[in-house]
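**Student:** Below you will find the structure I want to go over with you.
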Amino acid sequence: MKKRTKTIIAVIAGATILIGGIWMINESRYPNVPAFDDHFTREFLNKDKKVDDGFYEFKSKTGQYTMWFPEEYQLLHENEQQYVRDGDFYERWKASSVKNKEENQLNYLQVKLSESNPDDESIYVESLFKDEFGVNNPQKWETANTRIYFDTGYLYFKGTEEHVIYDKNKHAPNTYIAYVADKNSSKVIELWFDDSLNNQVGRESDKKDWFVKVLNSIHFKEGKKHE
C-alpha cells in the first residue's frame, strides 16, 4: 500500500512538473511587457507584431478595426461594464497604465466603436467637443482611409462642478478627445485619453504625440457598412 501511495505521489508530482514546464514555455513566447501579462488583454494583441517602440497591434473583437495599443497598458475587465461588445458594430473598452492602476485609475485610454450617418458627421463632432470642452474647434486631418478630429483641454472640479481651461497657455491639457471616421463606411471611433497624472503647467506633455500616433494607426476593415 505504501509503495502504491508513493507511486501515485510520484506520478502527480511528475505531471505537475510537466504541466508547469509547458506553462512556462508558453508564457515565455509572449513579450515581457505588462500588456501581455494580462490574459484578457493579450487576446486582442498580436505578439509577433510590435508596430512601433512601445506599441503592439490591437485587433478588435468585432473584426472591424485594428490600432496600436500601448505595451504598458492593460484592458480593464473586472466587471461587464468595462468591456462591452454588441455584435460586429459596437465595442467599448477602457485601458489603464499598469503603474497607475493603484492610483484610482487617474490615467486611462477609452475607445468606443459605433456607427453614424456620414452626412451628419459635423453634428456628431460638434456635439462631442462642445459637451466636453464647451467649444467646437478641433484640429482636423486625414489619413488615406480616415478623417480625424482632435482637441485637448484641462478639466478640473470645484466641488461637484466641472470646469474647463481651454487656453493651453494657462494650463497644460489633461484630457485628449478624438473622433475618427472611416471614409469608406459609417464606422466611427471616439477616443478619450485622461492624463490627469500630468501636473505640468504651461506646456503639453509628450502624451499628445503618443495619442496622435494611436489616432493615425486606426485602420478600419474594408467592406460595406453595417446594415
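**Student:** Restricting attention to the stretch 57-78, which residues are open to solvent by less than 20 Å² (accessible area, probe 1.4 Å) and in contact (Cβ under 8 Å) with a residue 24 or more places away in the chain?
**Tutor:** Of everything in the stretch 57-78, those that are open to solvent by less than 20 Å² (accessible area, probe 1.4 Å) and in contact (Cβ under 8 Å) with a residue 24 or more places away in the chain turn out to be Ser60, Thr62, Tyr65, Met67, Phe69, Pro70, Tyr73, Leu75, Leu76.
**Student:** Quick one: which of Leu128, Leu109, Leu191 is closer than 27 Å to Leu75 by Cβ, in contact (Cβ under 8 Å) with a residue 40 or more places away in the chain and not in a strand (DSSP E or B)?
**Tutor:** Going through Leu128, Leu109, Leu191 in turn, the sole match is Leu128.
**Student:** Inside the stretch 137-173, can you point out the residues that are assigned to a strand (DSSP E or B), at pLDDT below 90, surrounded by 10 or more Cβ atoms within 10 Å (Cβ to Cβ) and of a type in the set (Phe, Trp, Tyr)?
**Tutor:** Correct list: Tyr156 only.
**Student:** Step by step: first the residues of the stretch 79-92, then only those that are within 19 Å of Leu45 (Cα to Cα) and assigned to a loop (DSSP other than H, G, I, E, B), then the one that is most open to solvent (accessible area, probe 1.4 Å). Which residue is that?
**Tutor:** Asp88
**Student:** Does the stretch 93-119 hold any residues that are modelled with pLDDT of 95 or more and surrounded by fewer than 12 Cβ atoms within 10 Å (Cβ to Cβ), and which are they?
**Tutor:** Asn117, Asp119
The values are calculated or read from the model by the stated rules, or taken from the named source; none is laboratory data. All values derive from a computational prediction rather than experimental measurement. Glycine also receives a Cβ, built like all others from the backbone with ideal geometry; neighbour counts cover every protein chain displayed. Surface areas here come from the heavy atoms of the whole protein model, side chains and all, with no ligands, DNA or RNA. Shrake-Rupley method; radii C 1.70, N 1.55, O 1.52, S 1.80 Å.
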